[in-house]
Every structure is written in C-alpha cells, then in structure tokens.
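Quick note: the coordinates plus some simple rules give every number you see, no bench work behind them. Computed from a predicted structure; not experimentally measured. All Cβ positions, even for glycine, are placed from backbone atoms using ideal geometry, and neighbour counts span all protein chains on display.
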Amino acid sequence: MASEKEKDQYDYLFKFIIIGDAGAGKSCLLHQFIENRYKKGSSHTIGVEFGSKIIHVGGRNIKLQIWDTAGQERYRSVTRSYYRGAAGALIVYDITNRDSYNHLVNWLQDARTLARADTSIITVGNKCDMKDKRAVTFLEASRCAQENDILFLETSALTGEGVEDVFIKVARVILNKIEDGLIDPNTMVSGTHTGSQRIGSDSGGEAMSSKTCSC
Amino acid sequence: GFGGLLWAGLASGAAQCRPAALRAPARAAMAALVERCCAALSRWRAQAARSNSSDLIELASAREPRLVGGCRASLVGAAPPLPQPLREPTEAQLRDGAWRRSRAARWMEVCGAAVLKRSSRASFRDYAALEPGGRELYKEAIETIERDVPRTLPGSFRFRLWRDLLGELRTSGGYEEALRDILVALVRRLQTGMRGGQRGYTQGMSNIAAALLVFAGDAEDAFWLLVALVERVAPPDFYAEPPGALNGALVEAGVVSFLLEHTGAGRFSADERASVSQILTVKMGVPFLVDCVPPALTIAIWDHIQGWT
C-alpha cells in the first residue's frame, strides 16, 4: 500500500524512553500519542512495551521509536538496558499523586546515567484533567524542571491535551542539537526493531540514517 | 515443536544460573533448535519494524505463533518437553465452572498447594488480615496492589474470556476484594517467617491470581495455588526483591540472549536479543502466560505443572 510505503520515509530516527512511577499513565500517554485516543481499561505494563510514530518537525520527518517501561521499582533491573542510546526521555508523574512527583529525582538520575550523556529530558505532569485532585502545582513542577535544566509540560492522556506537544518538543530540541552540530546523528544508537543495517560493534551501534532502513 | 525442548534446555541452563554452564551436548542439540527459532524471529522482526504496535506480545503472536509457542514451558523449572500436540480445553469447558474447579483441585494436589494449605500454621485469613501498622510496613506493595487490582485483565486487553469469567464469580465482596486479599496475603506470606524477604509482589502476579481465582472459585485455594507457584514452581529468585530484583527472570533472559547470540550468527543486534529474551522470560514468564497466550493454551500448559515440583 502507498501509505505503508510513505510511513517508512523518514530523515531521522530518535529513540525515546518513557519512565516514571507505576500508575502515572505512561502507557496511556504512549497510546494517546500513537492512536490519538484514550486506552480504556489499560493494564499495568510488565517489563517493556514498544511503539513508534513518524512526526513532522522543522521540515523533517522524524521516526520516534518509543520504549514504554514498567513503573514498579523492581522492574528497573529489566528496563535499565532499554535506556541505552535514548535521545529523549519522558519522565512521567501523576499530578494527583505527590509521591510520584517526589520520585522525579530518582528517575532523572537514572535517565542521566543510563541513557546518553546528552539525552533530552522532559518532565510530564500527567492527568491534568483531574484538576480537583491536583497535588502538585504547575508552578512548582515548572520551577523544579528549570532548576534541573529539563523541559516540562502537563498532559492529559485522557483528553489528549498536551500529549503530542511533549513528543514534538523533545524531538525539536534533539533536532536543534543535531543542526547545531552538538549531536552527530551517526553516533545515535537505536534500539530494537529498526531493521536498519548494523554498523559498529557489539555495543549495539546501528545506523540512524535517512531512508536506508531496510524495512 | 521447538518450544518445549528449547525451554527444557533453558531450564537446565537457568538451574545452573549461568549460560556458560550449559552442558556441551545440550548446547549442540539446542543450536539446531535455536537456528529454527531464529528464522522465525527474523520474519517477526521484519514485521515488527513496520508496525507501530505498543503491545509486543500481541505483535509477536500475530506475526509468529511459533514464537509464542516457544514460551510454552516458560513456567520453567526442570520441565520435561511438553507433549505435542498439547491438549487444549474447549471454550465450553473453560466456561464450565464445575470443570474449572476440577482442574483447580488437581493442581492443588500436583503442585503441592494442598500440602502447604494443610501444613501451614497461618491460614489464608491470618495472612490476609493486616496487623495494626501492617499497611505502613508493606506500603509500597499494598499501594501497587491496590492500583493493579482494578486494572488486572481489563476488558480491552488481549483475551476477553478471562474478564467474562471474572465477572461471573460470586465471591463475597466481589472479585476485586478477593484479588486484593490474595495478593496482600501473598506479600505477608513472602515477607514473614523462614521464607523471609526474598520475594515480593511483582506486577504481573495479579494476572496469575485472577486466573487462579477463576478456576478455584474461592480466594483461599487460589491463594495457596499462587503460593505454590511462586515458592515451588517458579525458578529461584524469579520474583526476587531488590537488590537483585527479578534476578531469576534476568538469568533466564540472559540464557535466551546467549543462545541467540551464539547460534543466531549475528543476525540479531544486542538490543534485539535483549528484547526477544525479555518477551519470552519477563513479559510471558512473570504472569505465567496468563493473558499472553490464549486462555486454552495457558491452561493446557498449567496442566503440566506436576513436572516442576
């Protein structure tokens, strides 16, 4: 099908990871982004899930390869290997759950130590439709993000508010870094399922290139 | 099929806790099996690259049923190869409460749950009744359980049958309360006494508990079946607490990854090997296949529980 072919045309491939406490809405956020609708009756994630979508940013087609992780702490032993090479990281908390916000620093540390040194990170305050149960103010989270030099947005995976913006914002920052020469796109390591040819060694280097994907 | 054999081999490797310890003859036999497995996985990989799916198991089963077959014995232990073809129950049987209870009664005997139930000093109700301050003591686990119970086997998930059967249950207080009691009791059982502190509630266990509840028909027997699966059937450290969280599952994933690396002739990148092994061991192993493969297949495999004790 023509649309099938079109789907695989992209200039860059970025690997993203979604992390954060259990029940913050990570899987629903991913589902809303990919399917443009809320996933009713979503189950807890066991291990890691995967999704991808092509977005248009700055005149480029960018394929996002997104790894959605289980939030329960013990699963960090499983999910940590998926951080490697991630160009973008979404740290999701639930604006109605103070604990999930308090744990941001732990997740931030994980992202900085396990992904790329120059990973672009965004804090996502999810469930912003539940205003009457809010336990973390926009201002507080915004300040915290500034202090830690990371991006910040609030979203609702239920209504879709802000969801696409999150992914576009991070992709734009990465794209800027590439265009400013701060990141060499050829050094970007992708995760599984790229179908692109392998370059480099066992460290898992895979080419991230335009339209050379063999899929 | 390669499934049972592959996994019986993996089990022997996992039992020795490091891939390198796989015995030479076993390795040679498995090389051929994994070769075939790799061909299947390659096809699946090509499809996966095209798909946007955010559900890896669904993707895997849609593209390559044999890959999912590879998980048949992922309820490892020293499992003998499963008989082929497996005898799967019919949907009518699965929907028949009396038939389900007869299966559960048999599982109680063969996996040791009946003995545990008879010999334990503390009853299910003792475990389920939180002592004063208990909620604080097991805060993290209980909060996770309470968040997971309502989203266990949700209707929109893979296999609708589980949800139908859960809805038909006539346990007092509804199945959600029964599920919560089972899991809280499990946490206390695992955290107290001589078995102390080695294992804990792991997301995915609620799937097992729900399926057991559907079969046993009451929370007490479902609880003892779950205890037997977690304590006696699952490989050591499979549900381990941090530090070394889920170490048993990671060891198995390491074995699968090792086999893919050494017999797959470089057709898989390190990342791909990590992904495939994660699906086979963690995603399907932790919930004991519940909602990962069709319910009839899950039950057909559970019927071979006796080999693992």
**Message:** Within 13 Å, Cβ to Cβ, of B:Asp126, how many net charges do the neighbouring residues add up to if Lys/Arg are +1 and Asp/Glu are -1?
**Reply:** +2
**Message:** Please report the net charge: other residues with Cβ closer than 10 Å to the Cβ of A:Gly162, K and R +1, D and E -1.
**Reply:** -3
**Request:** Counting other beta carbons within 10 Å of each Cβ, put A:Thr187, A:Thr155 in order, fewest first.
**Result:** A:Thr187, A:Thr155
**Item:** Likely footprinting exposure, A:Phe167, B:Phe159, fewest C-beta neighbours within 10 Å first
**Value:** B:Phe159, A:Phe167
**Message:** Below 14 Å, Cα to Cα, which aspartates and glutamates can B:Lys283 reach? Residues fewer than 8 away in the same chain don't count.
**Reply:** A:Glu49, A:Asp68, B:Asp55, B:Glu58, B:Glu252, B:Asp291
**Prompt:** Mind listing which trypsin sites (Lys or Arg not before Pro) in segment A:37-97 are in a DSSP loop and have 12 or fewer other Cβ atoms within 10 Å?
**Reply:** A:Arg37, A:Lys40
**Sorted by Cβ density within 10 Å, fewest first, the residues A:Ile34, A:Ile17** = A:Ile34, A:Ile17
**Full-stretch length increase - A:Glu73, A:Met130 - with 0.36 nm per residue and alpha-carbon distance subtracted** = 18.0 nm
**Asked** Under a point spin-label approximation (7 Å from Cα along Cα-to-Cβ), what is the B:Ala92-A:Asn148 distance to one decimal in nm?
**Response** 5.8 nm
**Request:** Would you list which lysines come within 25 Å of A:Lys63, measuring only between C-alpha atoms, while excluding same-chain residues fewer than 8 positions from it?
**Result:** A:Lys5, A:Lys7, A:Lys15, A:Lys26, A:Lys39, A:Lys53, A:Lys169, A:Lys177, A:Lys211
**Quotient of Cα Rg and 2.2 N^0.38 Å for segment A:79-140, N being how many residues it contains** = 1.22
**Prompt:** Counting Lys and Arg as +1 and Asp and Glu as -1, what is the net charge of the other residues whose Cβ lies under 12 Å from the Cβ of B:Ala249?
**Reply:** +1
**Asked** Semi-axes, largest first, in whole Å: what does sqrt of 5 times each Cα gyration tensor eigenvalue give for segment B:121-168?
**Response** 29, 15, 7
